[in-house]
Amino acid sequence: MGIDVQALLDGFLTTIQPMNLFWIALGGFLGTVVGMLPGLGPATAIALLIPITFGMEPTSALILMAAIYYGAMYGGSRSSILLNTPGDGSAIAATFDGYPMAQKGQAGQALAISAIASLIGGVIAVVGFIILAKPLASFALRFGPAEYFLLMVFTLSAIVALAKGQMVKGFISMCIGLMISTVGIDLQTGVYRFTMGNVHLSEGIDFLVVIIGIYAVGEVLYNFLSINKPVGEKKSVGKIWITKEQWKRSKWPIIRNGPIGFLIGVLPGAGGAIASMLSYSMEKQVSKHPEEFGEGAIEGLAAPESSNNAAAVGAFIPMLAMGIPGSGTTAVILGAIVMLGLKPGPLLFENNPDMVWTFINSMFIGNLFLVILNIALVGILVKILDTPPRVLYPVIMMLAFIGTYTLGYSTVDFLILIIFGFVGLFMKMLRFPVAPLILAVIVGSDMEQNFRMSLISYPNAIGILTASPITIALVLMTIISLGLPFFSSWLKKRKEQKNNSEAM
Amino acid sequence: MVRYITPILATVVGVIMLINAINLPKSNLGNPNGPMYFPLLIAIILIISGIVYFFQEFKARGNDFADFRALRIGKSPLYLLVSLILMLTYTVLFERIGFLYSTILFLAGLLFLLNGRKKWMSNIIIAVAFSFVTWYAFGTLLQVSLP
C-alpha cells in the first residue's frame, strides 16, 4: 500500500506528452470560459463539452473533463468577483468579499488571490488524493453487492439530506432520477419496463441526454427569465498582483482550508458549495477582523477559494476508487467516462494504474496552467464577460442539441432533451435540488442490480442490512445523514425557546 | 392553488408508476417478480414524498408563493413559448433539410427572439458563422457525421 513512486513518475511522463498537455490547456480554457458565463457552472460546462471527448482515449478524455471541471471553478469565481454573479453554488462564497474588493478598486488583487488560493488548495488536495485514493480503492475491494447497494443508498441520502430544508423535494428529485433509470429492458430478465411501446426507449433513456437537458437547456431557459435584468457593474481589473501584507493575511486561511475542502469533497453528497461556505464561516470565526467580512476581507475570499478547489479534487476519489460520484458534477463526469468504456471502481487502480497516475499528475499541471492563464490572460478572459448573454445563450442551446445528436444519432433524443430542459427549468423555478436527480439517474441501474444480486444471497431486506460490519456502518451512516437535519433544527428551536424564555 | 400542483403531480406519477410496476410482465428467468421490486420501492417513496410535500405546502399556504411569478413577468412567457416552438421545429427539420440549414434557422430564430429585430444584421452573421464553425468542427475535426 502507500504511494507508488515509480507509478507516480510514469504518470508524470505520460502527462507531459504534448497531446495530453494540449487537452489540459484546452479543457482549462474552455471550462474557464463556460464557467465565467453567469449562471453556468462546472456541471453545465462538462455536459455541454462531452461531445469533444468522443473518439478520444479514455485517459485523455478524463484529463480533459477534469480540466474543464476545475477550469469552470476558476471561471465561476471570475464572474463572482467581477459581476457578483456566481456561476454555481461553489462560487457563491467568492461574491461575499470578492465583489466588495472589486468595488473598492481591488479587482486585480481579488482575482490574483482567488487564483493563488485555488492553486494551493488544489495542490494540497492532489497530495491528499495520492495518499488516500489507493487505500480507499483497496478497502473497496471488500465490497460485495449488498455493500455497494447500501453505499449508493447512503450517497443518495446524503445528497438529499443536504438539500437544506427541502428534503422532501430532494426525495422527489431522487425518485424522478431512479424512475428514469428503470426505463428499458431489464438487464437480468429481459423484461421491457416503462417503454410505452416505443422501440427507442427499449435501450433506456440515455442519462447524458437527461444531464444535457437539465443542466444546459434547463439553465439556459431559466436564464431567459432574467435576461432583461441588468448585470452587476464591472469594474476595471487593473494590474493583477497582491501586496505582501495581503499575502500575509491570506496565507494561513489558504493552507488551513485546503485540507478541510479536500475532506468535504471526499464525502459523498457534500461538494464545493458546502466546502466553501463552511470555510467562509469558519474563517470568520477565527479571524482577528471578523467585522471586515462581507466588506472585502481578503481572508473571506482566500479561504473559500482554496477550499472549493480542494473539494473538486477530493470528489474524484469516491468516483474513481469506488465508482460512486459524490456530486452532480462528478456524476456527469462518471457518466461520460463510463460511456467511453472505462469502469471506475477499485479495480481501476489495479488494471489501469497508468491512467490513474496520469490523471493525478494532470491535476497538478492543470492547476498550475490555470493560474498562469488566469493571471497572464485575464484581460482577454474578462472580455468574454462583455459578450451579451442574449447572443451566448442561443449558441449554448445549439451546442446542447448537437451534443445530444452525437450521442445516439437520433432526433428522438431531441424530444427527450426538450422534455428534460423544461423539467430542469421548473425544478429551478420551484427550487428543487437537481443533484439528487442526476446522481440517481447515473447510479440507479447499478443500484438496482446490486440490490437484486444481494437478494439472491440474502432472502430479505434485514439480511442485506446486516450482511457485514460495513453494511451495518452504512445503514447507521444513512440514518444519521437523514436524521441530522431534523436533529439540528430541533436543537435550533430549543435554543430559540431558551433564549426567548431568558429574554422574558 | 398553484402551490398544490407539484405535490399532486408527484403523488399521481407515483401512483401511475405503482400500478405499472405491479402490472409488469412476470419474468421467465430467475425471480418472476424481480423486475418489479425496485420500481415498486421508488413508487412508494414518491407517493409518500408527494403526500408529505402536499401537507408542507398546505401548512405554508399563508406565505407568499413567488415561485411561478417569473413566468408572468415581462417577456418571459413569450421567450419560453417561442423557444419551445423553435426547438420542436428544429427537431422536425434537422434530418429533413440537414444540419447546416436547420441550425442556421434555429440559431437565427433564437437570436431574433432574444437579441431583437433591430440587430438583424449581427443576428444573421452570428447564426451563419456559428453554424458553419460547428459544422466544420464536428464534421471534419471530430469526425462526427451530421445529416
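Key figures
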read-out: Search result, residues across segment A:196-229 that are more than 11 Å from chain B (Cβ to nearest Cβ) and not in a helix (DSSP H, G or I); value: A:Gly197, A:Asn198, A:Gly204, A:Ile205, A:Asp206
read-out: Set A:Ile16, A:Ile46, A:Ile50: member being aliphatic (A, V, I, L, M) and open to solvent by 10 Å² or more (accessible area, probe 1.4 Å); value: A:Ile16
read-out: Meets criteria (closer than 23 Å to A:Leu415 by Cβ, open to solvent by less than 40 Å² (accessible area, probe 1.4 Å), under 22 Å from the mean Cα position of the chain (by Cα) and more than 8 Å from chain A (Cβ to nearest Cβ)) for B:Gly109; value: yes
read-out: Which listed residue, of A:Phe12, A:Phe22, is over 25 Å from A:Phe207 (Cα atoms) and within 14 Å of chain B (Cβ to nearest Cβ); value: A:Phe22
read-out: Members of segment B:123-136 that are open to solvent by less than 80 Å² (accessible area, probe 1.4 Å) and more than 9 Å from chain A (Cβ to nearest Cβ); value: B:Ile124, B:Val128, B:Ala129
read-out: Residue within segment A:66-84 that is open to solvent by 10 Å² or more (accessible area, probe 1.4 Å) and outside any helix (DSSP H, G or I) present; value: yes
read-out: Any hit, segment B:14-33, residues being in contact with a Cys (Cβ under 8 Å, 6 or more places away or on another chain) and under 30 Å from A:Val220 (Cα atoms); value: yes
read-out: Within segment B:87-106, tally of residues that are closer than 24 Å to A:Pro388 by Cα and at the interface with chain A (Cβ under 9 Å from one of its Cβ atoms); value: 4
read-out: Per-region count, segment B:48-86, residues free of Cβ contacts under 8 Å to residues at least 12 places away in the same chain, in a helix (DSSP H, G or I), under 27 Å from A:Ile227 (Cα atoms) and within 9 Å of chain A (Cβ to nearest Cβ); value: 5
read-out: Flag for A:Thr404 being of a type in the set (Val, Ile, Thr), within 14 Å of chain B (Cβ to nearest Cβ) and crowded, with 18+ Cβ neighbours inside 10 Å; value: yes
read-out: Candidate set from segment A:173-188 (those that are touching a residue at least 24 places away in the same chain (Cβ under 8 Å) and open to solvent by less than 10 Å² (accessible area, probe 1.4 Å)); member that is farthest from the chain's Cα centre (by Cα); value: A:Thr182
read-out: Total residues in segment A:379-401, condition crowded, with 17+ Cβ neighbours inside 10 Å and without any contact (Cβ under 8 Å) to a residue 12 or more places away in the chain; value: 4
read-out: Filtered residues of segment A:85-121 (kept if open to solvent by 20 Å² or more (accessible area, probe 1.4 Å) and of a type in the set (A, V, I, L, M)); value: A:Ile92, A:Ile116, A:Leu119, A:Ile120
read-out: Pairs with Cβ under 7 Å, 6+ apart, first in segment B:16-40 and in contact (Cβ under 8 Å) with a residue 24 or more places away in the chain and within 7 Å of chain A (Cβ to nearest Cβ), second surrounded by 12 or more Cβ atoms within 10 Å (Cβ to Cβ) and of a type in the set (A, V, I, L, M, F, W, C); value: B:Met17/A:Met179; B:Met17/B:Ile42; B:Met17/B:Ala43; B:Met17/B:Leu46
read-out: Considering residues of segment A:267-322 that are more than 15 Å from the chain's Cα centre (by Cα) and outside any helix (DSSP H, G or I) only, the residue surrounded by the most Cβ atoms within 10 Å (Cβ to Cβ); value: A:Ala297
read-out: Index of the failed condition, A:Ile456 passing every other in (1) at the interface with chain B (Cβ under 10 Å from one of its Cβ atoms); (2) aliphatic (A, V, I, L, M); (3) surrounded by 14 or more Cβ atoms within 10 Å (Cβ to Cβ); value: (3)
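Table: residues versus (1) modelled with pLDDT of 90 or more; (2) within 8 Å of another protein chain (Cβ to nearest Cβ); (3) more than 18 Å from A:Leu40 (Cα to Cα); (4) surrounded by fewer than 23 Cβ atoms within 10 Å (Cβ to Cβ).
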position	(1), (2), (3), (4)
A:Ser410	no, no, yes, yes
A:Leu415	yes, yes, yes, yes
A:Met429	no, yes, no, yes
A:Ile438	no, no, no, no
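To keep it simple, each residue is scored yes or no on (1) within 30 Å of the chain's Cα centre (by Cα); (2) surrounded by fewer than 17 Cβ atoms within 10 Å (Cβ to Cβ); (3) of a type in the set (D, E, K, R).
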{"position": "A:Ser445", "(1), (2), (3)": "yes, no, no"}
{"position": "A:Ala461", "(1), (2), (3)": "no, yes, no"}
{"position": "A:Leu474", "(1), (2), (3)": "yes, no, no"}
{"position": "A:Met477", "(1), (2), (3)": "yes, no, no"}
{"position": "A:Ser489", "(1), (2), (3)": "yes, yes, no"}
{"position": "A:Arg494", "(1), (2), (3)": "no, yes, yes"}
{"position": "A:Ala503", "(1), (2), (3)": "no, yes, no"}
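The values are calculated or read from the model by the stated rules, or taken from the named source; none is laboratory data. As the structure is a prediction and not an experimental result, all values here were calculated from the model. All Cβ positions, even for glycine, are placed from backbone atoms using ideal geometry, and neighbour counts span all protein chains on display. Each accessible area value is taken on the protein alone, full model and side chains, heavy atoms only, with ligands, DNA and RNA left out. Shrake-Rupley method; radii C 1.70, N 1.55, O 1.52, S 1.80 Å.
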